[in-house]
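Note sheet for the following structure.
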Amino acid sequence: MSVLFVDDEPSMGDIARIFLEDRLGGCVVTQVTDGEDALEHIHTHTYDAIVADYEMPGLDGLQLLRTLRGNGDNTPFLVCTGKSRHEVVIEALNAGADFYLQKGEDPLVLFTEMKQMIVQAVTRRRSEKALAKSRNLLEEMIDFLPDATLAVDSSQRIIAWNRIMEELTGIPPAAVLNKCQDFSECTYRYPGVSSLIERILILGERTTGDPDNHGIENRIITEEYHGHVGEGDDNERYYRIMVSPILDADMQKVGFIGSVRDITLQKRYEYALLESRENFRALVENNTDIVMRFNPEGRHLYVNPAVKPYIPFPPENLIGKKYGELAYPPRLADDWDALIQQVIETGKPHEADISFQSPKGLVTFNWRLFPEFDMEGKVRSVLSISRDITYQREFEQEKQALLSQIERNLGEFAILNDGIRNPLAVITGWLSMMDLHEEERSTLMHQIRQIDEMITKLDRRWVESEKVLGFLRRHYAIQAGYPNRSSE
């Protein structure tokens, strides 16, 4: 430790160097004989401690001490004197001296005691500096926390109030720091903040230190606060309050620190997600289609009640299982699991018609699979929608058969028309060659013309029916053919 020794007797400086440097050790002594010279040394050098005589010509020890303290210099300072009056001691201590030392006849005792005082004063000052540095660092850390934060000491005084707390309350730190928890004279920026701060302080008083439990998570009190903070209609806010005791080395509570975080958006998202889930559940629970969800391993995560008539076991037996682990034919189950895995691996939707035996008999389903992605674009699940198309398939088959039959009937009708006209032409030819009375010929030809007119009407109906059939072909994809009708 470097020590500046100020005494107007040079011999005292020599003795101090002998004892503090050589015999006791641990000190490097610089000697000066007056206060003015001491000030010059202090301006150009840094010392761990200063020892000055109480009485010196010119600038004495107390005047030197007052000058240094007036300049903000807090270097440990020891005042030495041969006087033992109490007023001198009080004057020295009031001026800012760390210790007062009375000179005696035994130099070993004097300088041993001086060394102890120097070590104690320097250690204490270094501890104070370290503590002040730690406090400044803590204050800066608290000030830059993203949450509104305050701290209260054991005497109920506010010792920390960061910038986010100022933004929330509208109260600057100068209005509350080092003051007791009385905000009666403060004006809050928004209505409702006073209740929030009051809740933080109440929870802070409840915090305790548990000497047998060093886990900080067991000391934190967490609570959510809901109130109206801000202006306008959109002033409903949610906050998460967290308070914890400040403990000393003996795990005794010496205060508490509290913080508040605005979780309004988080809460709104949670409520929106909950509402969305409820809407989804209400939709799928009452849906006649079978809705399922599978995880990336292809196991069932969810099934709606519509699946009940089609499985021989309770729907909850599906949860957590693949189809290969259920009571289905192995080949069929493997095909279904493969389809799900295909969607998971490719990330693309897939659609297929599947048929299987169920408690309702042989059924056919249209099965649509859709990948669901996470925030990183990976498939997190597969949504499945299945619709029973058994009756639709049967109807399509019957419709196809009926339309094919109509097509065949029209084809046969066209042939029949041609078949009737040909015999009529032969009859007409024979009548022209037969020797008949004119009245008989006229009667027969009249009947032939009536038959021909009926065939012509049938031809028109056939053309109209063929147009209808063309429409049915376009909309129902009828592929069956029929014999072409030769035109007359």
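Our estimate of slack between Ile263 and Ser154, defined as 0.36 nm per intervening residue step minus the Cα-Cα distance, is 36.3 nm.
How high is the relative contact order of segment 187-321, given as a whole-number percent (alpha carbon pairs under 8 Å, six or more residues apart)?
On the way: 183 pairs, mean separation 21.3, N = 135.
Worked out over segment 187-321, it gives 16 percent.
Multiplying each eigenvalue of the alpha-carbon gyration tensor of segment 69-198 by 5 and taking the square root yields semi-axes of 47, 16, 11 Å, largest first, rounded to whole angstroms. Just to confirm the number: angle between the C-alpha axis of helix 35-44 and the first principal axis of the chain, 0 to 90 degrees, nearest 10? Approximately 30 degrees, to the nearest 10. Stretching Met251 away from Arg421 to a fully extended chain increases their span by 49.3 nm, per 0.36 nm per residue minus the current alpha-carbon distance. Treating the Cα atoms of segment 80-125 as identical point scatterers in vacuum, please give the log10 of the normalised Debye intensity I(q)/I(0) at q = 0.17, 0.22 Å⁻¹, two decimals. Debye curve over Cα of segment 80-125, log10 I(q)/I(0) at q = 0.17, 0.22 Å⁻¹: -0.52, -0.82.
For every helix of n ≥ 4 consecutive DSSP H residues, a contribution of -39,500 (n - 2.57) applies; sum these over the chain, divide by its total residues, and give [θ] at 222 nm rounded to the nearest 500 deg cm²/dmol. List each step's numbers first, then the result.
Values: 11 runs with 218 residues, N = 488.
Result for the chain: -15500 deg cm²/dmol, rounded to the nearest 500.
Ranked from largest, the principal axis spans of the Cα set of segment 28-140 equal 50, 30, 28 Å. Enter the angle in degrees (range 0 to 90, nearest 10) between the Cα long axis of helix 264-285 and the first principal axis of the Cα atoms of the chain, meaning the one along which they spread out most. So the helix axis and the longest Cα principal axis differ by about 20 degrees.
In segment 380-474, a dipole from Cβ-located charges (positive for Lys and Arg, negative for Asp and Glu) runs towards its positive end, and of Gln450, Gly411, Trp430 it is Gly411 whose Cα lies farthest in that direction.
Would you mind calculating the relative contact order of the chain from Cα pairs under 8 angstrom and at least 6 residues apart, reporting the percent as a whole number?
Reported as a whole number, the value is 7 percent.
Cross-link partners for Lys360 among the aspartates and glutamates, with Cα-Cα distance under 13 Å and sequence neighbours closer than 8 places in the same chain left out: Asp388. Take the Cα of Arg206, step 7 Å toward its Cβ, do the same at Glu396, and the gap between the two points is 6.5 nm. Which angle between 0 and 90 degrees, to the nearest 10, do you get for helix 107-143 versus the longest principal axis of the chain when only C-alpha atoms count? Relative to the chain, helix 107-143 is tipped by roughly 20 degrees. With the charge dipole of the chain set up from +1 on Lys and Arg Cβ and -1 on Asp and Glu Cβ about the Cα centre, the Cα lying farthest toward the positive end among the listed residues Pro330, Tyr190, Ala282 is that of Pro330.
Note on Lys133: lysines with a C-alpha under 30 Å away, same-chain residues under 8 apart excluded, are Lys115, Lys179, Lys253.
Here the spin labels are modelled as points 7 Å beyond Cα on the Cα-Cβ line, and at Arg441 and Val307 they lie 8.8 nm apart.
Evaluate the relative contact order of segment 322-451 (contact order divided by residue number), counting alpha-carbon pairs under 8 angstrom at least 6 apart; express in whole percent. Present the calculation step by step, with values, prior to reporting the outcome.
Details: 105 pairs, mean separation 16.8, N = 130.
Averaging sequence separation for qualifying contacts and normalising by length gives 13 percent for segment 322-451.
With the simple model of a label 7 Å out from the Cα in the direction of the Cβ, Phe373 to Asp182 spans 6.2 nm. Within segment 261-378, the ratio Rg/Rh, alpha carbon atoms throughout and Rh by Kirkwood, equals 1.04.
With the Kirkwood sum run over all distinct C-alpha pairs, the chain has a hydrodynamic radius of 35.0 Å.
Only the coordinates and a few stated rules stand behind these numbers; no lab work does. Owing to the predicted nature of the structure, the values given are computational and were not obtained by experimental measurement. For neighbour counting, all protein chains shown are included, and Cβ atoms are generated from backbone atoms with ideal geometry for every residue, glycine included.
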